[in-house]
Amino acid sequence: MVRIYEQAVAVTLWHCGEDHPVVMGLHDRAAGVYERLERYGKAVELYGHSLRVAEKALGKNHLVTAGYLIKLGCLYHMIQSPTESIKKFSEALQLYQGLNAPTPLVAHLHHHFAQPLADRGDIDAAIQHAQRSRRLFEKCYGQSDPRTVESCRQVAKLVLTPYGRYEGVLTPVIRASYKEAVGCYEKVFRYVKSSKSTTTIDTTGGGGGRMRKSLVVSHLTLPTNPSPPLLGTASYPTPTSGPLITPTTLHPLPDHPRSLLHNLTRQIISLKLRLVDSPRHREIVRTLRSRNKDKVLSSGEARGVVLRLAAVSPSVYLDGVLARIEEGDGTAVDELGVVLMLTEGEVVGLDG
């Protein structure tokens, strides 16, 4: 492959010159191969060649040039060079702002920009870019698009990062972060739940009376675009778009959405319980956790709670249970105990 690539570049340079757009197209194809082989250093080198050709052939203020900067920023992030990654993303963002770039391209850039900022420890800036990405994706595609869902996951992860092990008093800032994370996780939960799924519930009492729930959800993938023709060729005479104008694909949701649903339920319930204001409710939760240490959950109890929880969402369901407790419904206390066992237990609960 390398020999053929070198021959193609040599022929192109002879006939077209080193600044012709078809040269960067050849670099792109070879760089893409190295990227798939995870030889990111070589991919960076070749995409760097393409960037220099783009700057000469198309100018520094061009969407294709910005596209190469973003591609390089993503690769630098993958080889754990956040400073170089941030530099490339900053240059691309300036170009996008000056060129009034299409909203989807800007949304992708903000999403990728957040990652090296977080790696460098600049969480506040990372959150701002992630939130901007989410708003732009929602504006372009709505809340049910995979890109919007993935941006929600990114926002939730980032806003919770500073408080991963925090057990102190909830300040207004921390409370707002928890609420934003709950809202984002709820959107992801609804998206995954709405996907085609089948549910199997073991009510035979096996495994010590434990219930097992298995969700088999169709594989979630993002749409992919066919490889475009080489820039500057007869089939693509005007180099106004190309391989790197198409945004770098966001990472799709995990391949095991049944465990994702389980994890989302745990995360949402945990955050919602931290946000409980009522001293009475907090005391009930503490008492139930103490009682649950030696309790074995029956399949019948678990089955009813899981079905009611899945019918709505973890947040809405928990709000309903707490409201019933406030009204004096004794069964709601027992139901809350089951919820705690399902979401906080090490073994009991949803099958991951």
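Structure data summary
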{"item": "Residue among LEU51, LEU93, LEU69 that alone is under 25 Å from the mean Cα position of the chain (by Cα), without any contact (Cβ under 8 Å) to a residue 40 or more places away in the chain and within 25 Å of LEU26 (Cβ to Cβ)", "result": "LEU69"}
{"item": "Within the stretch 295-328, considering residues that are surrounded by fewer than 17 Cβ atoms within 10 Å (Cβ to Cβ) and hydrophobic (A, V, I, L, M, F, W, C), the one farthest from the chain's Cα centre (by Cα)", "result": "VAL296"}
{"item": "Residue within the stretch 88-96 that is open to solvent by 70 Å² or more (accessible area, probe 1.4 Å), closer than 23 Å to ALA156 by Cβ and out of contact with any strand residue (DSSP E or B) (no Cβ under 9 Å at 6 or more places or on another chain) present", "result": "no"}
{"item": "In the stretch 164-197, the residues that are in a loop (DSSP other than H, G, I, E, B), in contact (Cβ under 8 Å) with a residue 12 or more places away in the chain and of a type in the set (Ser, Thr, Tyr)", "result": "SER195"}
{"item": "Number of the condition not met by GLU344 [criteria: (1) under 30 Å from THR171 (Cβ atoms); (2) modelled with pLDDT of 85 or more]", "result": "(2)"}
{"item": "Positions within the stretch 110-163 being of a type in the set (A, V, I, L, M) and either closer than 16 Å to GLU186 by Cα or in contact (Cβ under 8 Å) with a residue 40 or more places away in the chain (or both), in sequence order", "result": "ALA114, ALA118, VAL149, VAL155, ALA156, LEU158, VAL159, LEU160"}
{"item": "Residue list for the stretch 105-140, filter: surrounded by fewer than 16 Cβ atoms within 10 Å (Cβ to Cβ), farther than 23 Å from ILE174 by Cβ and not hydrophobic (A, V, I, L, M, F, W, C)", "result": "LYS139"}
{"item": "The stretch 311-348: number of residues that are among the small types (Gly, Ala, Ser), within 13 Å of ILE268 (Cα to Cα) and either part of a helix (DSSP H, G or I) or touching a Leu at 6+ places or on another chain (Cβ under 8 Å) (or both)", "result": "1"}
{"item": "Number of positions in the stretch 149-168 that are under 23 Å from SER90 (Cα atoms) and touching a Lys or Arg at 6+ places or on another chain (Cβ under 7 Å)", "result": "3"}
{"item": "Subset of the stretch 162-178 (residues that are open to solvent by 70 Å² or more (accessible area, probe 1.4 Å) and either of a type in the set (Ser, Thr, Tyr) or within 12 Å of ALA126 (Cβ to Cβ) (or both))", "result": "PRO162, TYR166"}
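The values are calculated or read from the model by the stated rules, or taken from the named source; none is laboratory data. On a predicted model such as this, the values are computed, not experimentally measured, just so you know. We place every Cβ from the backbone using ideal geometry, glycine too, and count neighbours over all the protein chains shown. Protein only, heavy atoms only, side chains kept; ligands, DNA and RNA dropped before computing areas. Shrake-Rupley method; radii C 1.70, N 1.55, O 1.52, S 1.80 Å.
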